[in-house]
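Readers should treat all values here as calculations from the given coordinates under stated rules, not as data from a laboratory. Here the structure is a predicted model, which means the values were calculated and not measured. Because the Cβ atoms are built from the backbone with ideal geometry, glycine has one as well, and the counts that use them run over all protein chains shown.
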């Protein structure tokens with residue numbers, strides 16, 4: 001499923017964001033191809049969709065600082081893995097985002 | 001019991017919602033039918049009923065963003081399993097909902 | 001002791017409620033009667049008495065949404081078991097109530 | 001030491017209360033007297049003295065709902081055991097009181 | 001070092017208090033003198049010095065309810081043991097004090 | 001990648017900062033060169049980039065006290081290790097910074 | 001490095017303070033010199049430098065009650081050990097300080 005399609009079909013709740021890990025080509029260490037299961041999962045991703053923001057105790061909503069298409073870094077154990085139409089995504093709270101990469 | 005009936009007979013409290021897992025047909029991997037107990041439970045569900053909302057410290061109630069009939073995604077260990085008239089449902093807080101799927 | 005009597009002799013404190021589990025007849029699975037100790041305790045109950053409500057930091061009291069005689073669902077490990085005049089009851093906070101069943 | 005004496009010689013701090021367990025006669029199950037150490041400690045008690053109440057963040061004090069001489073129920077592991085003049089008492093916070101028994 | 005001296009040389013910070021355990025004579029159970037290491041430490045103490053009080057989020061300071069020379073009761077594991085000039089004291093927060101004994 | 005480049009390509013989120021550990025030359029203890037894996041990682045670092053600050057519940061943003069180019073000390077287990085263009089950095093919250101070294 | 005130098009070169013962040021343990025001469029118990037590793041570390045220290053204070057949610061800063069040169073007591077496991085120019089210091093939050101010794 002194309003990213004555009006997922007972005008229009010899934011809306012993260014509140015301060016959550018939908019992220020696709022940025023997969024690199026297979027890593028080569030010392031000439032040996034490391035198969036997929038032994039590789040560490042990348043901690044870089046692309047934001048696909050964002051929630052409407054976090055509410056305070058008076059019901060006021062604050063939009064997120066992270067936007068769709070941002071390239072972000074996150075911690076190894078951040079987010080919940082979820083499959084949408086067979087493709088793996090991460091859903092995490094904005095607070096789990098470490099920062100934004102500009103290209 | 002029909003969904004409509006459950007929705008009229010059970011009212012989740014405060015910011016809780018009643019969810020029915022969306023069961024898919026039996027999964028086939030490599031031609032072998034995987035029996036029910038070995039399958040992972042789906043993390044997708046349909047909202048059947050919602051509570052009236054969360055109160056702040058002054059007693060003001062904020063209605064939920066999630067509505068009945070929404071298709072939602074949630075984490076593997078979200079919610080409390082409960083049987084109503086012999087059918088299994090999940091009751092969870094709105095905060096455990098990861099996002100809403102539009103069809 | 002009749003329910004009415006318990007309700008007049010015991011007042012739960014603050015946001016607590018007194019609940020009697022709704023016991024069903026002995027369950028039969030595949031023709032074998034399951035004795036009492038092997039049965040899961042029911043997660044359905046009847047509210048017998050309710051506290052006056054929860055106070056905020058300014059001392060304002062908010063009455064509970066749950067009322068005496070409501071049929072409620074609650075989690076497996078909710079509440080504190082307590083005997084009043086030899087009969088078993090549960091005392092739980094309103095926040096542990098998952099929702100209300102209408103009949 | 002008489003209860004009246006303890007009540008005048010010990011003042012629980014803030015939202016704490018001083019409780020004496022209500023000891024019943026030795027329990028008989030199936031004709032066998034159960035010695036004291038095998039009995040569960042009763043979860044019922046009499047309030048002997050109460051603190052002046054809980055303060056909020058502005059220093060305003062809210063008196064307790066529980067009063068001296070109230071018969072209360074509490075959880076199995078509630079409170080701190082303490083000896084005053086050789087007699088055992090429990091000191092607990094009002095929030096640990098499950099409810100009040102009227103006689 | 002005399003108590004008066006300690007009180008003038010040590011000032012507990014904020015809502016902390018300096019306490020000296022009230023040691024009783026050696027306990028005798030069934031005619032056997034129990035040496036010091038086998039005895040439970042007493043949960044009674046004398047307040048030697050108190051901090052200036054607890055501040056709220058606006059910087060307002062609320063003096064403590066416990067005063068120097070008060071006889072107090074506290075939980076078995078309350079406070080931090082500390083030596084001042086070779087003598088053992090406890091430093092605890094006022095919230096750890098269970099109540100005050102009047103003599 | 002030069003520090004200046006990283007600083008312009010990565011923006012830490014909210015109250016987070018990007019830190020590069022200050023690596024010292026190999027340590028010599030008693031004449032024996034300690035190889036890299038046995039050395040404790042330094043707890044000193046240089047701030048490369050800082051987030052825009054922490055928001056309070058009304059959405060007001062407070063800039064950080066720590067600035068880019070500050071030399072800081074931090075705890076052994078502070079921060080999340082992350083690679084940017086093959087170089088190792090730490091991302092931590094400002095609250096994890098112990099203090100600032102002036103040179 | 002002299003204390004004065006450290007105080008001018010290191011500024012603890014917010015409500016943190018820089019502390020040097022007050023080392024006593026080697027302790028002698030029963031005529032046996034106890035070597036350094038077997039000795040308990042002293043819980044007494046001298047404040048070398050203090051942060052500018054703690055901020056509340058509106059950004060207002062409250063200066064610390066502890067000042068440089070104060071002799072303080074702290075708990076056994078308080079603070080983070082850190083080396084500045086080869087000398088060991090502790091960095092702790094003011095809340096970990098038990099009290100101040102006047103001499």
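Odds and ends about this structure:
- Ranked A:65, E:57, criterion: other C-beta atoms within 10 Å, fewest first: E:57, A:65
- Ordering E:52, G:67 from the fewest to the most neighbouring beta carbons within 10 Å gives G:67, E:52.
- The rotation axis taking chain C to chain F passes closest to this chain C residue's Cβ, listed with the gap in Å: C:57, 8.
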